[in-house]
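My questions all concern the structure below.
The values are calculated or read from the model by the stated rules, or taken from the named source; none is laboratory data. Remember, predicted model here, so these are calculated numbers, not experimental data. Please note: Cβ atoms are built from the backbone with ideal geometry, for glycine as well, and neighbour counts cover all protein chains shown. For the accessible areas, the whole protein counts, side chains as well, though only heavy atoms, and no ligand, DNA or RNA atoms are used. Shrake-Rupley method; radii C 1.70, N 1.55, O 1.52, S 1.80 Å.
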Amino acid sequence: RSSGLRHLSAALDFCQQLLRPSGFCDQSLPVTFVMYRKQEEEKCGSPHFAAGSDYVNPYDDHDSLQTVEVSYEKPGTFETASTYRFRLFLFLILVIWWINLIGEFVSIINLVDFCLNVNVDDGDPFHTLDVLQRMKKRTSGVFQKVTKRMSSVLTGDGQALPSPRGVEDVTSVLPENLMPTPRDAEGSIVIASIARPQLVTCWIMVVVRVVLLVYMAGVGSVFIVTTYSFPDLLMNAVALAFVFELPVFLFALLVDKHDKELMESMAPIVFQSTLPLCGRFFQTITSTYFIGLVLFPLVCIGLVQWDLHVNILPTTEALECLCFQRGPRCVTNTYFQRSWWDEHWENVSWILDGNATRN
């Protein structure tokens, strides 16, 4: 009342003059205040307004003004992420993601078992060296014949050049001891052993797939738990599930039809497996039921709780302090009390009067 503001509407106009851009606060306070406001707008997000309660002038019961409740985008997002409903949904998405990894994990285990127990031919089952030597011998013979005929033509012997022919049929350069493709009674191709280079290729596949599995498990989990809205969480989970379907699409697009038919005509390779591991305990902990129903849910619960206490709650507390100046550890709430502001405005009130001089 001492300032001459006797009505709430006049007080509201005065506050707007103080807080508007390039207003009294921006002019009287240090330049760091303007920078602080810009960072605050960026961190808090866009504001949302809603009708609030009526405020009555303590000096005039007939003077009232309806207030506006303000909320911000970023604090609301993290408050939603800390609810039990969102955490339950996040837990279910994580469980589905990790269960989707079981298929890849089982495939890797089966590939390792295959590499350890499959029959390996240490010789040269493709007869590569023998074929190369025979082709070299045939090619050099043909080259000598062609050179001899060309020289005879150039010297005028009058002999016609032979009709152009390539190297003879490939079967003529194949070794005589090369056996025909073995087949079973149903006509399927039977593979009894693999060559050493093929085994090395299989071990390289094991290493690559293990690295990809660990990477996708870690990065996919972080990608999911750092999503704090229902639609984005669902879309990100679908996108991650699509990653493991890429090999199927690549096989369908890149592999020739003849090769696909050849693979379908092959019988499964038979070998003595070391799975399952001996002992009921090892069989239990390596079963997909234990992994999918016990181990992975416990891992997902740990991830959800870790994200809640390490990311969501500290960020929510920081945004509450920044955007609303409240919170148990908010320095703004404990330091900038009314007494501090009264003293501050008393010290800078001379700015309002252009004719006054600062004491």
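What are the residues in segment 213-227 that are open to solvent by 40 Å² or more (accessible area, probe 1.4 Å) and either touching a residue at least 40 places away in the same chain (Cβ under 8 Å) or of a type in the set (V, I, T) (or both), if any?
If the condition is that a residue be open to solvent by 40 Å² or more (accessible area, probe 1.4 Å) and either touching a residue at least 40 places away in the same chain (Cβ under 8 Å) or of a type in the set (V, I, T) (or both), then V214, V219, V222, T226 are the ones that fit.
Okay, moving on. Note down all Cβ pairs under 7 Å where the first residue falls in segment 23-50 and is touching a residue at least 24 places away in the same chain (Cβ under 8 Å), the second is in a helix (DSSP H, G or I) and open to solvent by 90 Å² or more (accessible area, probe 1.4 Å), and they're at least six residues apart or on different chains.
Pairs found: F24/Q17.
Oh, and also: For segment 5-28, give me the residue count where each residue is in a loop (DSSP other than H, G, I, E, B), modelled with pLDDT under 75 and open to solvent by less than 50 Å² (accessible area, probe 1.4 Å). Steps first, please.
Filtering segment 5-28 down to residues in a loop (DSSP other than H, G, I, E, B) leaves 5-7, 20-23.
Now narrow it down to the ones that are modelled with pLDDT under 75: 5-6.
Narrowing the set further to residues that are open to solvent by less than 50 Å² (accessible area, probe 1.4 Å) leaves none.
Count: 0.
Same structure, new question: Residues that are among the acidic types (D, E) and exposed (fewer than 12 other Cβ atoms within 10 Å of the Cβ): does segment 325-343 have at least one?
Going through segment 325-343, the residues among the acidic types (D, E) turn out to be 342-343.
Of the ones still in play, those that are also exposed (fewer than 12 other Cβ atoms within 10 Å of the Cβ) are 342-343.
Yes: segment 325-343 contains one or more residues that are among the acidic types (D, E) and exposed (fewer than 12 other Cβ atoms within 10 Å of the Cβ).
Something else about it: Taking segment 32-67 on its own, how many of its residues are in contact with a strand residue (DSSP E or B) (Cβ under 8 Å, 6 or more places away or on another chain) and open to solvent by 100 Å² or more (accessible area, probe 1.4 Å)?
Of the residues in that region, 4 qualify.
Does C25 fit the bill of being among the hydrophobic types (A, V, I, L, M, F, W, C) and more than 44 Å from the chain's Cα centre (by Cα)?
yes
Being touching a strand residue (DSSP E or B) at 6+ places or on another chain (Cβ under 8 Å), among the aliphatic types (A, V, I, L, M) and over 30 Å from E186 (Cβ atoms) narrows it down to one of L319, L308, so name that one.
On the way: L308 fails: touching a strand residue (DSSP E or B) at 6+ places or on another chain (Cβ under 8 Å).
Step by step, each of L319, L308 is checked, and only L319 is touching a strand residue (DSSP E or B) at 6+ places or on another chain (Cβ under 8 Å), among the aliphatic types (A, V, I, L, M) and over 30 Å from E186 (Cβ atoms).
Can you name every residue in segment 40-75 that is assigned to a helix (DSSP H, G or I) and either modelled with pLDDT of 85 or more or more than 19 Å from E320 (Cα to Cα) (or both)? Walk me through how you get there before you give the answer.
Step one: filter segment 40-75 for residues assigned to a helix (DSSP H, G or I), giving 40-44, 73-75.
Once the filter is applied, which keeps residues that are assigned to a helix (DSSP H, G or I) and either modelled with pLDDT of 85 or more or more than 19 Å from E320 (Cα to Cα) (or both), segment 40-75 yields E42, K43, C44, E73, K74, P75.
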